[in-house]
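S.K.: Here's a structure for you.
The values are calculated or read from the model by the stated rules, or taken from the named source; none is laboratory data. These figures come from a predicted structure and were not determined experimentally. With ideal geometry, Cβ positions are generated from the backbone for all residues, glycine too; neighbour counts draw on all protein chains shown. What goes into the accessible areas is simple: the full protein's heavy atoms, side chains included, and nothing from ligands, DNA or RNA. Shrake-Rupley method; radii C 1.70, N 1.55, O 1.52, S 1.80 Å.
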Amino acid sequence: MEIEGGSDSKPILDLHSLDDNLVQKMVYDALVWSSLHGLVVGDRNVQRSGTVPGIGMVHAPFALLPTVFPENQWNLACEVAPIFNELVDRVSLDGKFLQESLSRTKKVDAFTSRLLDIHSKMLEINKKEEIRLGLHRSDYMLDEKTKLLLQIELNTISTSFPGLGSVVSELHRSLLKNYGEHLGCDVNRTPSNDAANRFSEALAKAWIEYNNPKAVIMVVVQPEERNMYDQHWLSFNLKERHNVTMIRKTMAEIDKEGEIQPDGTLLVGGHAIAIIYFRAGYAPTDYPSEAEWRGRLLMEHSSAIKCPSISYHLTGTKKIQQELAKPNVLEKFIDNKEDIAKLRKCFAGLWSLDDADIVDTAIEKPHLFVMKPQREGGGNNIYGDDVREALLRLRKDGKEQNAAYILMQRIFPTDSATFLVRDGNCHKDHAVSELGIYGAYLRNKDKVIVNERSGYLMRTKVSSSNEGGVAAGFAVLDSIYLT
Ligand code: ADP
Ligand code: MG
């Protein structure tokens, strides 16, 4: 198959024709490249690998070659990124909309309820976040039948892999360069990926807006983090390119060491904090005791820039995604009709469980739906026959519990043969992919300082797996080959 533009390079489609020796050679080179370029995660077999950098590193799971993706769909995903950034900002300012939309979820979901409590407290004291920083990722799957690029979710907290995602694109570009002749591919068809640079730059610009040269950026981390190198790519970039320091603290440490000065400045371990960048705090397991909740509340009270603020965090919940997909809701937040149409085009079917007709349909054809609780981080959704069972159980248990879930149209992406490399082993399997587009947004009062698309992340998983998380062990890091 010829690609547009008339070059004789071919998309990487026919993996079956690849000679086994060539594949083995590429795998070997890719493993060496990963080790030399920091495409690494902590090895779960090594005890200290989640706490001490440099101990027990293993290459991050990756696809040996980038996955073919249509250029027009890629352009579409890139085009809507700044619109989604703006949408998050607008929605976050509507405290009433957030509280009301989540009011029934609050009754049945203890975690969401605690987040809403913090949000209510901020509304009560009329807390204003004048400088607002969002580092988002909007995830999509390309539905095979309809050829529509449909949004899976919009992540507003702890969006992972801006670091390693950038590196894996470079790995692929390196392989395409070195093996291009054998593969018949054009390296320029894999866009280079500047997610790590763009995110660091947005953080640096926010740091400048905060305007305290002594202040540092604090990443909120889990006590054990095997994905620490992804985060270190940002702190390294910040230091090297912008001379800004990033420190790492857990929620419990923030509770213990944190205090707020009379002018609102957050001090943690003696450091003034300009920006709180959350890479933890999105899941109930991040709050094992009251200390972590105290830490979260303390941060929210401070004048530090929160990435995300509690209202940005809530805007990224699945319930809000479903509310925004209802007719005439986007119109409350966005004026431009064309922008609204572009966003709406990538919304999949989303329903509340109060919709009795859709629940009937889902009980009848559960494989056409995904049922989602208000959780982040992978591994929480319900698929297939379990959807039917869960819905029947909820019917018996009464209406209240309905609010803990949303229903979503199941998207069926095309599957294709892929070489997945994990733990130094390569195996070929049928796989499907999810494209994430990063977006950065920075605003100081009325001035929008950054509103951009900031690189991408492709994740590929074996077709037989429902879930998609890389850290959760379902998927591999990937990049794209435009056709
Ligand atoms: P999380 O916050 O846990 O990441 P997601 O909504 O992203 O929640 O769902 C997790 C994974 O489940 C996705 O990465 C994707 O692989 C799969 N998934 C989610 N929604 C759908 C859908 N509507 N159709 C098909 N797969 C889906
Ligand atoms: Mg997700």
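S.K.: Is there a residue being farther than 30 Å from Trp33 by Cα, within 21 Å of the chain's Cα centre (by Cα) and open to solvent by 20 Å² or more (accessible area, probe 1.4 Å) anywhere in region 397-406? Break it down into steps so the answer makes sense when it comes.
M.R.: Keep residues of region 397-406 that are farther than 30 Å from Trp33 by Cα, which gives 397-406.
With within 21 Å of the chain's Cα centre (by Cα) added as a condition, the list becomes 405-406.
From the residues that got through so far, the ones that are open to solvent by 20 Å² or more (accessible area, probe 1.4 Å) too are 405.
So far as region 397-406 goes, yes, one or more of its residues are farther than 30 Å from Trp33 by Cα, within 21 Å of the chain's Cα centre (by Cα) and open to solvent by 20 Å² or more (accessible area, probe 1.4 Å).
S.K.: Among all residue pairs at least 6 apart or on different chains, which show Cβ distances below 7 Å where the first residue, located in region 362-378, is within 16 Å of Ala403 (Cα to Cα) and the second is of a type outside the set (Asp, Glu) and within 11 Å of ligand 2 (Cβ to nearest atom)?
M.R.: Val370/Asn381; Met371/Asn381; Lys372/Lys318; Lys372/Asn381; Pro373/Asn380; Gln374/Lys318
S.K.: Of everything in region 294-314, what is among the small types (Gly, Ala, Ser), open to solvent by less than 10 Å² (accessible area, probe 1.4 Å) and part of a helix (DSSP H, G or I)? Give them in sequence order.
M.R.: Matches in region 294-314: Gly295 only.
S.K.: Please enumerate the residues belonging to region 237-296 that are hydroxyl-bearing (Ser, Thr, Tyr) and in contact (Cβ under 8 Å) with a residue 12 or more places away in the chain. Show your work before the answer.
M.R.: Of region 237-296, the ones hydroxyl-bearing (Ser, Thr, Tyr) are 245, 250, 265, 277, 282, 285, 287, 289.
Matches in region 237-296: Thr245, Thr250, Thr265, Tyr277, Tyr282, Tyr287, Ser289.
S.K.: Inside region 41-58, can you point out the residues that are crowded, with 21+ Cβ neighbours inside 10 Å and either of a type in the set (Val, Ile, Thr) or not in a helix (DSSP H, G or I) (or both)?
M.R.: Matches in region 41-58: Val41, Gly42.
S.K.: Looking at region 95-124 only, could you name the residues that are of a type in the set (D, E, K, R) and in a helix (DSSP H, G or I)?
M.R.: If we filter region 95-124 for residues that are of a type in the set (D, E, K, R), which is where we start, we get 96, 100, 104, 106-107, 109, 114, 117, 121, 124.
Within region 95-124, Lys96, Glu100, Arg104, Lys106, Lys107, Arg114, Asp117, Lys121, Glu124 qualify.
S.K.: When you go through Leu407, Leu477 one by one, which is the residue that is in a strand (DSSP E or B) and within 16 Å of ligand 2 (Cβ to nearest atom)?
M.R.: Values: Leu407 fails: within 16 Å of ligand 2 (Cβ to nearest atom).
Result of the check over Leu407, Leu477: Leu477.
S.K.: Looking only at residues in region 451-470 that are open to solvent by 10 Å² or more (accessible area, probe 1.4 Å) and more than 10 Å from ligand 1 (Cβ to nearest atom), which one is modelled with the lowest pLDDT?
M.R.: The selected residue is Ser464.
S.K.: Check Glu331 against each of (1) at negative phi; (2) touching a residue at least 60 places away in the same chain (Cβ under 8 Å) and name the one condition it does not meet.
M.R.: (2) is the only condition that Glu331 fails.
S.K.: List pairs: first residue in region 132-157 and within 27 Å of Phe278 (Cα to Cα) and open to solvent by 10 Å² or more (accessible area, probe 1.4 Å), second residue more than 11 Å from ligand 1 (Cβ to nearest atom) and assigned to a loop (DSSP other than H, G, I, E, B) anywhere in the structure, Cβ distance under 8 angstrom, at least six positions apart or on different chains.
M.R.: Listed by first residue and then by second, the contacts come to Arg132/Ser309; Ile157/Gly281; Ile157/Pro308.
S.K.: Could I ask something else about it? Taking strands (runs of 3 or more DSSP E) that fall entirely within region 196-274, which contain at least 2 residues that are touching a Phe, Trp or Tyr at 6+ places or on another chain (Cβ under 8 Å), surrounded by fewer than 16 Cβ atoms within 10 Å (Cβ to Cβ) and not polar (S, T, N, Q)?
M.R.: Working: elements: 216-221, 246-250, 258-260, 266-268.
So the answer is none; nothing clears 2.
S.K.: Further question: Could you check, for region 154-163, whether at least one of its residues is touching a Leu at 6+ places or on another chain (Cβ under 9 Å), away from ligand 1 (no atom under 16 Å from the Cβ), of a type outside the set (Asp, Glu) and not in a strand (DSSP E or B)?
M.R.: yes
S.K.: Being within 16 Å of ligand 1 (Cβ to nearest atom) and in contact with a helix residue (DSSP H, G or I) (Cβ under 9 Å, 6 or more places away or on another chain) narrows it down to one residue among Leu115, Leu133; which is it?
M.R.: Just one listed residue meets the conditions, Leu115.
S.K.: For region 436-464, which positions are within 16 Å of ligand 2 (Cβ to nearest atom) and more than 30 Å from Ile131 (Cβ to Cβ)? Break it down into steps so the answer makes sense when it comes.
M.R.: The first filter runs over region 436-464 and keeps only residues within 16 Å of ligand 2 (Cβ to nearest atom), leaving 436-439, 456-461.
Correct list: Met458, Arg459, Thr460, Lys461.
S.K.: Go through region 4-51 and give me each residue that's on the phi > 0 side of the Ramachandran plot and at pLDDT 95 or above.
M.R.: Looking only at region 4-51, we keep the residues that are on the phi > 0 side of the Ramachandran plot, and these are 5-6, 38.
The one that is on the phi > 0 side of the Ramachandran plot and at pLDDT 95 or above: Gly38.
S.K.: Can you tell me which residue is farthest from Asn45 (Cα to Cα) among those in region 410-432 that are open to solvent by 20 Å² or more (accessible area, probe 1.4 Å) and within 16 Å of ligand 2 (Cβ to nearest atom)?
M.R.: Arg410
S.K.: So the check is Cβ under 6 Å with 6+ separation or different chains; which pairs have a first residue in region 410-436 that's basic (Lys, Arg) and a second one that's part of a loop (DSSP other than H, G, I, E, B)?
M.R.: Arg422/Pro61
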